[in-house]
Amino acid sequence: MRYVSTRGAGAPAAFLDILLGGLMDDGGLAMPESYPQIDAAELARWRGLTYPALAFEILRRYADDIPVGELKRIVDNTYTAEVFHCADITPVRELESGVFIAGLSNGPTLAFKDVAMQLLGNLFEHALAKTGSELNILGATSGDTGSAAEYAMRGKRGIRVFMLSPHQKMSPFQTAQMFSLQDANIVNIAVRGVFDDCQDIVKAVSNDHAFKSKYSIGTVNSINWARVVAQVVYYFKAYFAVTQSNEQQVSFAVPSGNFGNICAGHIARSMGLRIRKLILATNENDVLDEFFRTGVYRVRPSERVQQTSSPSMDISKASNFERFVFDLVGRDSQTVAALWRQLDRDGVFDLSATPHFKRIAQFGFVSGSSCHADRLQTIRTVYRKYNQLIDTHTADGVKVGLEHCEAGVPLICLETALPAKFAATIREAVGIDPPVPYGLDGLEKLPQRFSVLDADDAAVKDLIVRSCAG
């Protein structure tokens, strides 16, 4: 398997060549030259596999430069009941006939990001051990990526993590998960701004090729291909859990901010999984919903990004969206590069009058948005009707998913996090405190360690230099 840039520059590269780097040299994102096609016989064989065995079968098609035995060892060591508190890793539960929730939040930080990040930590360790080199990971988080990355990388040899987050814009639980870590290789940076400012800094540093090379900068954001492909696995696993035959179709409802999670669904569908609809759910920051309804992709300036009760989706610039557009325009990298130049210049591009926009239906995408009142009502309804608590982002997915639900087509809503991470909104919705699992009581009272910086890539570079020198 070889990888190319969405913007066309550079020679195709192998999986390990792109694993540590994040953005490609031309600023684009890594994409496989083609998606492996899974035929009916292979799907039938996969149906009864455990999660680690299924993950191995999918990942070996994308990471074929890792020896088979070593990849199997990495996958088996990642997806364990000890780490995910459940032998199924991503168990599916039924709300009512034909409506399901895929439980993706059983990992150490109670969010779906753990599923990919735990694997990424072990892949990084494997790659660095081969060369004896070190890696400085620079990441941005709107809430859950940061803690998932830090818990996956803490204590790992040869790895430092510099994680940017919007100052005072995450939930108290999310903040405490990150800032209470005292590991020497974890550096938390609270940026005066919004998530998009943090993400812009990561991209600016990654595009400074001299600095990136000198300080061995890598990324764990969902611009990292390995993270996206790791998420493909649970689409297959959930599909097998709710169907009896590989001829059946299902739809997935996916809360989406940075487009990585639903991009994995797009890849699974492109591989041959029988997905009828990929239902994209946004919160009040509805840039992606606007595109899928109108064909206009219009990013918002930082001051117009709303702070909401589903904060992990308080995003205006969806990094992984470029991967989908690459497929949408027929993998024409020149078109993608031109669109993103226009986006950088004007803050908008418009495909509404092009044949590309008409092709969206062929990819199964539909969309909708949710607001705070919707979240409260959905959390309340699910609790009273099914005696289950869901978090605020999952509520966005359930609300929009039900709007697009079709008779005879199972609907699988992807869980984003456990309710404990958003206790204030849960209390507002149903009047009770959500349970805090896995001995995490008192997390918010622990001492916190972090730096506060302006939204300035030079200031972040300076901190990286000083940390590496120390």
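Under 1.5 on a/c is rounded, so check that first for segment 312-470, then, if it is not, pick prolate when a/b is larger than b/c and oblate when it is not; a ≥ b ≥ c are the square roots of the alpha carbon gyration tensor eigenvalues. The partial results should precede the final answer.
On the way: a/c = 2.71, a/b = 1.10, b/c = 2.45.
The shape class here is oblate.
In nm, to one decimal, how far is the residue 332 label point from the residue 302 one, both placed 7 Å along Cα→Cβ?
Output for this residue pair reads 3.5 nm.
Taking every DSSP beta bridge that has both residues in the chain, what percent is antiparallel when rounded to the nearest 5? Numbers along the way, then the final one.
Details: 13 of 49 bridges.
Antiparallel: roughly 25 percent of the beta bridges in the chain.
Simple spin-label model, 7 Å along Cα-to-Cβ: residue 341 to residue 76 in nm?
Taking the simple label geometry, residue 341 and residue 76 are separated by 5.1 nm.
Run the quick spin-label model on residue 64 and residue 348: label points 7 Å from Cα toward the beta carbon, then report their separation in nm to one decimal.
4.4 nm
Does segment 51-128 come out rounded, prolate or oblate by the C-alpha gyration tensor, with a ≥ b ≥ c the root eigenvalues, rounded set by a/c under 1.5 and, if not, prolate when a/b is larger than b/c and oblate if not?
Values: a/c = 2.57, a/b = 1.82, b/c = 1.41.
Note, shape of segment 51-128 comes out prolate.
Which residues in segment 220-243 place their backbone N less than 15 Å from a point set 7 Å from the Cα of residue 53 along the Cα-to-Cβ direction?
Only 237, 240-241 pass the distance filter.
Given Cα pairs under 8 Å that are at least 6 residues apart, what percent is the relative contact order of the chain? Kindly include the intermediate steps, with their values, before the conclusion.
Details: 907 pairs, mean separation 89.1, N = 470.
Relative contact order comes out at 19 percent.
So if the hydrodynamic radius of the chain is defined as the Kirkwood radius over C-alpha pairs, what does Stokes-Einstein give as its diffusion coefficient at 10 °C and 1.306 mPa s, in µm² per second?
Working: Rh = 22.2 Å.
Once the numbers are plugged in, D ends up at 72 µm²/s.
Counting C-alpha atoms alone, how compact is segment 1-77: give Rg to one decimal and Dmax as a whole number, in angstrom.
Here Rg and the maximum Cα pair distance are 14.4, 42 Å.
Where a Cα-Cα gap under 24 Å defines reach, which lysines qualify for residue 72, not counting those fewer than 8 residues away within the same chain?
Within reach: 113, 130, 156, 237.
Can you give the calculated 222 nm mean residue ellipticity of the chain, where each DSSP H run of n ≥ 4 adds -39,500 (n - 2.57) and the sum is split over every residue, rounded to the nearest 500 deg cm²/dmol? Could the numbers behind the result be given before it?
Details: 20 runs with 205 residues, N = 470.
Value at 222 nm, helices only, nearest 500: -13000 deg cm²/dmol.
Nearest 0.05, what FRET efficiency do residue 214 and residue 293 give at R0 = 51 Å with Cβ-Cβ as r? Could the numbers behind the result be given before it?
On the way: r = 44 Å, r/R0 = 0.87.
It comes to 0.70.
Sketch the reach of a paramagnetic label on residue 424 as a point 7 Å from Cα along Cα-to-Cβ, and name the residues of segment 271-311 whose backbone nitrogen lies under 20 Å away.
Inside the label zone: 283-285, 303-311.
Which whole-number percent of Cα pairs in segment 297-372 have a distance greater than 21 Å? Intermediate values should be presented prior to the final figure.
On the way: 1003 of 2850 pairs.
Here the tail beyond 21 Å accounts for 35 percent of pairs.
Roughly speaking, what is the stretch gain from residue 466 to residue 358, that is 0.36 nm per residue apart minus the C-alpha to C-alpha distance, in nm to one decimal? It would help to have the intermediate numbers written out before the result.
Values: separation 108, 0.36 × 108 = 38.88 nm, distance 5.06 nm.
Working it through step by step, the gained length comes to 33.8 nm.
Taking 0.36 nm per intervening residue step and subtracting the Cα-Cα distance, what contour gain separates residue 459 from residue 403 on full extension? Before the final figure, lay out each step's value.
Details: separation 56, 0.36 × 56 = 20.16 nm, distance 4.51 nm.
Residue separation times 0.36 nm, minus the Cα-Cα distance, leaves 15.7 nm.
Short version: what are the Cα gyration tensor semi-axes of segment 196-336, square root of 5 times each eigenvalue, largest first, in whole Å?
Working: eigenvalues 156, 76, 46 Å².
Ellipsoid semi-axes (Å, largest first): 28, 20, 15.
So if R0 is 25 Å, what FRET efficiency would residue 16 and residue 40 give, r being the distance between their Cβ atoms, rounded to the nearest 0.05? Please list the in-between numbers first.
Values: r = 31 Å, r/R0 = 1.26.
Result of the calculation: an efficiency of 0.20.
Bear in mind these aren't lab numbers, they're just calculated from the coordinates by the rules spelled out. Quick caveat: nothing in here was measured; it's all calculated off a predicted structure. Glycine gets a Cβ as well: all are built from the backbone with ideal geometry, and neighbour counts include every protein chain shown.
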